[in-house]
Every structure is written in C-alpha cells, then in structure tokens.
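Undergrad: To start, I am sharing the structure in question, which I have written as structure tokens.
The values are calculated or read from the model by the stated rules, or taken from the named source; none is laboratory data. The structure presented is a predicted model; accordingly, all values stated were derived computationally and were not measured. Neighbour counts are summed over all protein chains in view; Cβ atoms, including those assigned to glycine, are modelled from backbone coordinates with ideal geometry.
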Amino acid sequence: MPADERALRKNILLFSLFFLLFFAGLGLMMPFLSLQFKAIGYNGVQISLLNMLSALAVILTAPQYGLIFDRSKDKRLILLISLAIATVTLFLIPYLRAFGAMLVIYTINRVIISSSITASENLSYQVSADKNGEEQPAFGRLRMWGSLGFALTALLGGMIFQNFGLLRNDRIFLGLMAATCVVLLLMPESIFRERRSSESVEAPLGTHGVIHLIAEDRYLLLTVIALALTDPLFDGVRSFEPIFMAELGLPVSVIGLAATLSALLEVPMMLGADHLIERLGARNLVIAILAFDLTRRLLVWLFPSGWMVFALNIMTAISFTLRLVTTVHLVNVRIPKQYTTTAFTFVFNTMNGIMYILSNAISGVIYDSYGARQIYLVSAALCVIALGCALAARHISSEKELV
C-alpha cells in the first residue's frame, strides 16, 4: 500500500474516532436540555429566549470564527480551545437555576459548539477529498461515526436522566470529551494543513468578501435560503418537540429512544448521501428534502399523537443528513477552498441562526397560547416558501454550473 494512501486512511480513522467520541458526549446531554429547562421551572417564553438569544450570538460570531479558522496556522489549537470551552460550559448547565446565569453559559456553549462542529465537518470533508490530490470526497462515510456515537449514548442518556437526573449524564460526558481532546492531539499535522483553490485570488477576503461570494452566486444563495427557512435542527419544532412528546404521554426514556433511533438512521443515510448527490444532483435533492419535510410537518398537524410525533421525529435524520452533506458539498464546490470554513459557518450557523430566532420567537408564543401542535402548521408554511425558493434556484441555474 502506498505511503500516501496509508496516511490518508490513518487521517480518516482518527477523524472518525474524533466524531464518534465528540458526538457521543453530546448525545448524553443535548437531547435533554429542553426537558431540563422545563424541569427547573422555565416557561415557554424563557425557553424561547434561551434559544433565540444564544442563536443571535451564533449569528454574530460564527463567520468570524470561520474566518479565524481559515486563516489560522494552528487549526488544532483552535479546536482544542473550543472543545475545552464547550466542555466546561455544557458541564455547568445542570447545576444552574438562575435564568441570567443559564443564559450566559448556554449562549457561550451554543456559540462554541456550533462553530467548532461546522469547522471540523468542513475540515473532514477536505481530508476525505485528499486521495491522490483528486476531489473524491467521502464525507458522509466519515461523518457517520458522529451519528453512531450520538445514537449509542442518547438512549443511555435518556434512561440515566429519567432515573437520576442530568448530573449523572454530566460526569460521563466529561470523560468522553477528555478522550476527544486526546484524539485531537494524536492527529498528524497533515490534517490541519492549509488547502487552497488553484484559481488565483487578488487579495485575502474578509467576512464580508466571503458573504459577497455567496451573494453573487444566485443559485447557491437561493438554495441556502431555502434550506435555512426549514432546517430541522434550527427551528421551533426542534425546540419544543421533546416537550410535545412528553405532553402526549411518552416517557423520557422513549423520547431518548427517538433521539437514538434518529441518530442510528443517520448512519445509512450518511453512507448513501454522497452517492445520492452524484446520482440525483444537488438541485433535485434539495427539492426532495423540502417536500419530505413539508409532508412530515403536515402529518403531525393532522394526526397529533405521541407515536406519530415519535416516528416523524426519527425521520429528522433523513432531512438533516441530506441537508448537511448537500450544504458542505455545495460550499466546497462553489467557494474557493481557503474560504470554505467561513462560508460554511455563515451558511450553516448564521443563516440558519436567523431563522432559528424567528422560528423560536413565533413558536414560544404559539406554544404558550395555542399549544405545540400549531407550531407544525407554521413550519409547514415555511416549507412551502422554501420550496418556492428552491424551484426558483433550479430555474435560474445554468446547465453549465457544477452543482
């Protein structure tokens, strides 16, 4: 086996282990935060404020984080510092009760976790494309280990949370994040090397310059707007769905099972996502994703049973996986490589974060006034608008464009 191929396999193995441990740690905590907020007495408006204000912080900081990461000569150090901050802040959340303190810590955590995930995902896409210098990414097959790690711990986390509370989850989370840092330290320097596009760039671009690149590409702009309008991880449905399932009579362990099965479903979806993009094209895949999500939202609104919500919650994995792989693919194909982290954090964190704020603002009021069911109707309306954007993007895109 050639030395370059052995090095590539080692890099992919280490990155896969990184995702496995990192998302395993998040799986113990993230699915149960809204239940924790509810358990300590926060109402719908307070939960929405936590999500909205932390999302605003992500919107304002994510592109700068991406630009710093793109320009940095020591990307490993940035990820290590980010992991340390993310670990400490998430570890503290179960101990907090005062709303002001929770807001500060939760906001810091959201900013760091959101930006470091997108940075590491974009970096892993480029690592998976390093074979013999050719553009042959296998991002889905690498990223699936994060989904598997999340699945392995979400069910365990639900049972622990139901019997002992979130503090017990917290201790296991701490150990997994320490192991993640060790793996990051073991990665060779070649993983973090700078990658540049072959085309010349007159001068280094700042954040506004990268955003201008996205805005000039009308197909990319309309597509990412369509995806941001309906992102299943950044909307009011996601924030209130665990609470809705609990109100419909599902126990916490079953809610945890939904998160586990959803993460498990991500594994085969990640495996096949790169092939789907190659076979169908990103244009058709985006429209299919939006139609699928519109159907999911309407089914819950029409048939609001606990098990219906449970089943369609699991299918979030299909939408999330295809959105993630499609977005990172489009950014890396249409944006110069030296700016892809900045562009990806702007698209995946800032644009999605704007819709997160709007969706959660509406959803918090709807939940307190009319109940969680009507949140799905609002989400379905956004899916219709997003489909219009995606169809317009496909209409204006040239046949010569690489999608």
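Undergrad: Does Ile287 satisfy the criteria of being more than 30 Å from Lys75 (Cα to Cα) and under 14 Å from the mean Cα position of the chain (by Cα)?
TA: Taking the combined requirement at face value, the residue does not satisfy it.
Undergrad: Related question: Counting just the residues of segment 360-403 that are outside any helix (DSSP H, G or I) and closer than 30 Å to Glu278 by Cα, which one comes out modelled with the highest pLDDT?
TA: So, considering only residues that are outside any helix (DSSP H, G or I) and closer than 30 Å to Glu278 by Cα, the one modelled with the highest pLDDT is Ser397.
Undergrad: Can you tell me which residues in segment 94-122 are in a helix (DSSP H, G or I), more than 20 Å from the chain's Cα centre (by Cα) and either under 25 Å from Ile211 (Cβ atoms) or not aromatic (Phe, Trp, Tyr) (or both)?
TA: If the condition is that a residue be in a helix (DSSP H, G or I), more than 20 Å from the chain's Cα centre (by Cα) and either under 25 Å from Ile211 (Cβ atoms) or not aromatic (Phe, Trp, Tyr) (or both), then Pro94, Gly100, Ala101, Met102, Leu103, Val104 are the ones that fit.
Undergrad: A further question follows. Restricting to segment 32-80, name every residue that is among the aliphatic types (A, V, I, L, M) and farther than 26 Å from Gly100 by Cα.
TA: Those that are among the aliphatic types (A, V, I, L, M) and farther than 26 Å from Gly100 by Cα: Leu67, Ile68, Leu77, Ile78, Leu79, Leu80.
Undergrad: Among the residues of segment 148-196, which ones are in contact (Cβ under 8 Å) with a residue 40 or more places away in the chain, more than 25 Å from Thr340 (Cβ to Cβ) and of a type in the set (D, E, K, R)?
TA: Selection gives Asp170 alone.
Undergrad: Evaluate segment 53-72: report whether one residue or more is more than 17 Å from the chain's Cα centre (by Cα), under 28 Å from Gly140 (Cα atoms) and among the aliphatic types (A, V, I, L, M).
TA: Taking every residue of segment 53-72 in turn, at least one turns out to be more than 17 Å from the chain's Cα centre (by Cα), under 28 Å from Gly140 (Cα atoms) and among the aliphatic types (A, V, I, L, M).
Undergrad: Something else: Checking the conditions here, which among Ser82, Ser54 is within 28 Å of Leu205 (Cα to Cα), in a helix (DSSP H, G or I), touching a helix residue (DSSP H, G or I) at 6+ places or on another chain (Cβ under 9 Å) and modelled with pLDDT under 90?
TA: Answer to the check: Ser54.
Undergrad: Could you run through segment 327-349 and say how many residues are surrounded by fewer than 22 Cβ atoms within 10 Å (Cβ to Cβ) and in a helix (DSSP H, G or I)?
TA: 5
Conditions (1) over 27 Å from Ala129 (Cβ atoms); (2) of a type in the set (Lys, Arg), marked per residue:
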position	(1), (2)
Arg297	yes, yes
Trp307	yes, no
Ala317	no, no
Leu330	no, no
Arg334	no, yes
Lys337	no, yes
Asn349	no, no
Ser379	yes, no
Leu391	yes, no
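Undergrad: Somewhere in segment 10-22, is a residue out of contact with any strand residue (DSSP E or B) (no Cβ under 9 Å at 6 or more places or on another chain), closer than 23 Å to Leu166 by Cβ, β-branched (Val, Ile, Thr) and touching a residue at least 40 places away in the same chain (Cβ under 8 Å)?
TA: Taking every residue of segment 10-22 in turn, none turns out to be out of contact with any strand residue (DSSP E or B) (no Cβ under 9 Å at 6 or more places or on another chain), closer than 23 Å to Leu166 by Cβ, β-branched (Val, Ile, Thr) and touching a residue at least 40 places away in the same chain (Cβ under 8 Å).
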